[in-house]
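Colleague: Let me give you the structure first, and then I'll get to my questions.
Nothing in this text is a laboratory measurement; each read-out follows from the coordinates by a stated rule. Quick caveat, the model's predicted, so the values are computed rather than measured. Using ideal geometry, Cβ is built from the backbone for each residue, glycine included, and neighbour counts are taken over all protein chains shown.
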Amino acid sequence: MATLGEAADNHQPSSKTMNIADLEKVSLGIEVVEDTFEFEKNGETKTVIQDVIVIDEVKYRVPKTVLQQVKILKADNPALKFFKVKKSGTTKDDTRYLVIPLLE
């Protein structure tokens, strides 16, 4: 049985999408699915469509720039099976992703 504090530390809202950079290792064999959600901004409802992978019922967003970099890595190394992603920046405008190939 966990304490309230431990439960709070382990709590992850089910509606929040994580980022692929939050993972230590990503397999090229994992399925990418399209996820859609709506939010309201300035009284207007907006729809967002994004690519995600799902691991243990948690959604991880896969930015287009990550897909582009993986494509380049696969062209040079068709045997590539795993990678990780490093993220820098904090806003939509300054966030950058670096895909790092991993050896098995």
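Colleague: Show me, for segment 83-96, the HN-Hα J-couplings you get by feeding each phi into the Karplus relation (A = 6.51, B = -1.76, C = 1.60, θ = phi - 60°), rounded to Hz, glycine and proline as x.
Modeller: 8, 9, 10, 9, 10, 10, x, 10, 10, 4, 7, 10, 6, 10
Colleague: Can you spot the lysines whose alpha carbon is less than 30 Å from LYS81's alpha carbon? Ignore those fewer than 8 places along the same chain.
Modeller: Within the straight-line limit of under 30 Å, LYS81 reaches these lysines: LYS16, LYS25, LYS59, LYS64, LYS71, LYS92.
Colleague: Would you calculate, for the chain, the mean residue ellipticity at 222 nm contributed by helices, counting each DSSP H stretch of 4 or more residues as -39,500 (n - 2.57) and dividing by all residues, to the nearest 500?
Modeller: -5500 deg cm²/dmol
Colleague: Same structure again: Can you pull the three principal axis extents for the Cα set of segment 14-102, in Å, largest first?
Modeller: Answer, in whole Å and largest first: 48, 29, 20 Å.
Colleague: Simple spin-label model, 7 Å along Cα-to-Cβ: ASP35 to ALA75 in nm?
Modeller: Rounded to a tenth, the inter-label distance reads 2.9 nm.
Colleague: Taking the Cα atoms only, what angle lies between the long axis of helix 64-76 and the longest principal axis of the chain, rounded to 10 degrees?
Modeller: 20
Colleague: Work out the FRET efficiency for ILE100 and VAL48 from their Cβ-Cβ distance, taking R0 = 35 Å, and round it to the nearest 0.05.
Modeller: 0.80
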